[in-house]
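Asker: Sharing a structure, written as structure tokens. Questions coming.
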Amino acid sequence: MSQNELLQYVKNTVTMQELPAFKAGDTITVTYKIIEGAKERLQKYQGVVLQRSGSGNTATFTVRKMSGNIGVERIFPVSSPFISQLEVNKVGVVRRARIYYFRGLRGKKARIKEKRF
């Protein structure tokens, strides 16, 4: 199989899912499909988007949520077949594409201004 044929095969088999537009600072809910043995269930993961990186099939986004007093971050591939739904809850107003400074903020400092329509 030549390289061109292989690229065509990959493009045909990996289909990009249409996701709503979101960026760093937005609060989103990702409904993720989890397979445990023979069982399958959906788990919702709600948090603030810290960054989007990459392009095309290899693009990813990082979501941070607080679980008790501990910050938990998870990286999701945009083209993952396990993402069943992505919902934008709030559109945040931030001035950076990657808000890593958000990791060091606690309490009222960790609020992101919401964009009103």
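Every read-out reported here was derived from the displayed coordinates using simple, explicitly stated rules and does not represent laboratory data. In this text, all values refer to a predicted model and were calculated from it rather than measured experimentally. Glycine also receives a Cβ, built like all others from the backbone with ideal geometry; neighbour counts cover every protein chain displayed.
Asker: Does region 22-93 come out rounded, prolate or oblate by the C-alpha gyration tensor, with a ≥ b ≥ c the root eigenvalues, rounded set by a/c under 1.5 and, if not, prolate when a/b is larger than b/c and oblate if not?
Answerer: Verdict is oblate for region 22-93.
Asker: Counting other beta carbons within 10 Å of each Cβ, put Ser79, Ser53 in order, fewest first. Walk me through the numbers on the way to the answer.
Answerer: On the way: Ser79 17, Ser53 14.
Exposure proxy ranking, most exposed first: Ser53, Ser79.
Asker: Here is a follow-up. Which cross-chain or sequence-distant (5 or more) residues have an amide H under 5 Å from the amide H of Asn89, H modelled 1.01 Å from N in plane?
Answerer: Thr27, Ile28, Thr29
Asker: Arrange the following residues from fewest to most other Cβ atoms within 10 Å of their Cβ: Glu87, Glu40. Don't skip to the end; give the middle numbers.
Answerer: Values: Glu87 13, Glu40 10.
Placing the least packed residue first, the sequence is Glu40, Glu87.
Asker: Then there's this: Show that you can apply the helix-only estimate: for the chain, add -39,500 (n - 2.57) for every DSSP H stretch of four or more residues, divide by all residues, and state [θ] at 222 nm to the nearest 500.
Answerer: Dividing the helical sum by the residues of the chain leaves -3000 deg cm²/dmol.
Asker: Additional query: Given H placed on each backbone N at 1.01 Å, which residues far from Val78 in sequence or on other chains put an amide H within less than 5 Å of it?
Answerer: So Val78 has HN proximity to Ala59, Thr60, Phe61.
Asker: Quote the FRET efficiency, to the nearest 0.05, computed for Arg74 versus Gln8 with a Förster distance R0 of 22 Å and r equal to the Cβ-Cβ distance.
Answerer: With a Förster radius of 22 Å, E is 0.10.
Asker: Under 8 Å for C-alpha pairs, at least 6 residues apart: give me the relative contact order for the chain, rounded to a whole percent.
Answerer: Numbers: 194 pairs, mean separation 32.3, N = 117.
So the answer I get is 28 percent.
Asker: I'd like the orientation of helix 3-13 relative to the chain: the angle between its Cα long axis and the longest Cα principal axis, in ° from 0 to 90, rounded to 10.
Answerer: With rounding to tens, the tilt is 60 degrees.
Asker: Could you derive backbone 3J(HN,Hα) for region 89-96 from the dihedral phi with the Karplus parameters 6.51, -1.76 and 1.60 (θ = phi - 60°), listing whole Hz in sequence and x where the residue is Gly or Pro?
Answerer: Per residue, the Karplus-derived 3J(HN,Hα) values read 8, 9, 9, x, 9, 10, 10, 10 Hz.
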